[in-house]
Amino acid sequence: MRFMKSALAGAVFAAGMTLGMTGGLATAGAQTIELKLAHFLPTINGMHSDFLEPWARELEKRTNGKVKVTIYPAGTQLGNIAKLYDSVRSGVVDIAHGLRGIPRGRFPRTEIIELPFMTGSADAASRALWAVYPKYLKDEYPGVKVLGLHAHNGGLIHTRDKQVVTMGDLKGLRIRFPSAPIKSMLESLGAVPQGLPPGKVYENTQKGVIDGTVFPWDPMNSFKLSEVMNHHLDMGGIYTVSFWFAMNEKKYNSLPADVRQAIDDISGDNLVGKFGPWWDKWDSWGIEKVKAKGSTITKLGPEEAARWKEATTPIVEEWLANMEANGISDAREIYDAMKAEIAKVEGN
């Protein structure tokens, strides 16, 4: 009996030690905050390698390992471009980076930056978006804390078979577009716009489903589009496209104050100013690929550029009038505010 009691006491003590140890491990585990960050780009893309991956690691560093960020890029279940905003808003992921124009119909005020001839500068567009965000754009992003807004350098027209030099060369060409304003722009120039996510452009060009696409230089490298595009027309900054970077609002608010501060310190004002130099770097990689292949690069001449501007200028008025008709009464005010912020950067 004495042996049995001793054995039982030993078992209870051992069990208590085990529970204490596992409880301690659970407590230690609970101290690590696991965050999921999703985006729609391949890991070769500069936005992954220079922006999102370093941003995640910097957050881990600034929190002394209290936070661990796992990234889900294109090709993963969480990297679906059309679901990113819904995923971060609902909490399926904690942080996401998405393309404003997919899915269509969202963020109409932000969309104003994509109207023709606003700017071809990633730096000017990104700074303008962030400057007007607090007053004009914040309400477009319910359920999330926006960590940054940005845009790319001026886009080009890239084609597989037909070289585009004049507006007439575009007539009837099936050109992929990223957003509704760009769709209207292409229609005004005589093209036949085709809606596709970035990751579908290569195969649809290769198969002859589309004749070309509008993109900045970067995807010629990151999406390997230099392999299927043989002609490239620099339109002189006729358009840009915007992106958002956001965190689930409830998740952000639930974090310890020091973690929230760490996120703030590497986001917003401290992040947006980096996109101009980054895009210049990313575009240079695309240009290098195109030049190495020996593809044709053309730039719109002054007279032809004037024709394109004349053809696309009515789009701005039509777009703003349509927004006003649909209840966005301050559309022109936002447009003017963005133009003013762009002028501050571009000096005109």
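The values are calculated or read from the model by the stated rules, or taken from the named source; none is laboratory data. These numbers were taken from a predicted model, which means no experiment stands behind them. Cβ placement follows ideal geometry from the backbone for every residue including glycine, while neighbour counts extend to all protein chains displayed. Note: accessible area is taken over every heavy atom of the protein model, side chains too, but ligands, DNA and RNA are not part of it. Shrake-Rupley method; radii C 1.70, N 1.55, O 1.52, S 1.80 Å.
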(request) Calculate the spin-label point distance for THR76 paired with LYS207, positioning each point 7 Å from the Cα along the beta-carbon direction, and give it in nanometres. (result) 2.8
(request) Return the distance in nm (one decimal) between the two label points of a simple spin-label model at GLU317 and ILE287, each offset 7 Å from Cα along Cα→Cβ. (result) 3.6
(request) Determine the distance separating the Cα centre of region 94-135 from the Cα centre of region 289-348; give it in Å without decimals. (result) 13
(request) Name the long-range amide H neighbours of ASN230: under 5 Å, sequence gap of 5 or more, or other chain; modelled H, no Pro or chain starts. (result) THR159, ARG160
(message) Just to verify a number: what accessible area does ILE334 come out at with the full protein assembly present, 1.4 Å probe, Å² rounded to tens?
(response) 0
(request) Note down the nm distance, to one decimal, between modelled labels 7 Å out along Cα→Cβ at ALA305 and at ARG104. (result) 3.0
(request) Show that you can apply the helix-only estimate: for the chain, add -39,500 (n - 2.57) for every DSSP H stretch of four or more residues, divide by all residues, and state [θ] at 222 nm to the nearest 500. (result) -14000 deg cm²/dmol
(request) Distance check, please: which entries in LYS183/LYS274; LYS36/LYS281; LYS135/LYS250; LYS224/LYS291; LYS299/LYS344; LYS171/LYS200 exceed 20 angstrom between their Cα atoms? (result) LYS183/LYS274; LYS36/LYS281; LYS135/LYS250; LYS299/LYS344; LYS171/LYS200
(request) Mean Kyte-Doolittle of at least -1.0 plus a Cα span of 30 Å or more along the axis: flag which DSSP H helices in the chain meet both, please. (result) 2-31, 302-325
(message) Quick check: with the 1.4 Å probe, what order do THR119, THR32 take by accessible area, largest first?
(response) THR32, THR119
(request) Could you give the C-alpha radius of gyration of region 127-245 expressed as a fraction of 2.2 N^0.38 Å, taking N as the number of residues it contains? (result) 1.16
(request) Kindly report the accessible area of region 126-169 per residue (heavy atoms of protein chains, probe 1.4 Å, no ligands, DNA or RNA), in Å². (result) 36
(request) Using a Förster distance of 35 angstrom, determine the FRET efficiency expected from the C-beta separation of SER49 and GLU140, and round it to 0.05. (result) 0.75
(request) State the percentage of accessible surface on the chain attributable to carbon and sulfur atoms; use a 1.4 Å probe and exclude ligands, DNA and RNA. (result) 53
(message) Once you compute Rg and the Kirkwood Rh from C-alpha atoms, what is the Rg to Rh ratio for the chain?
(response) 1.12
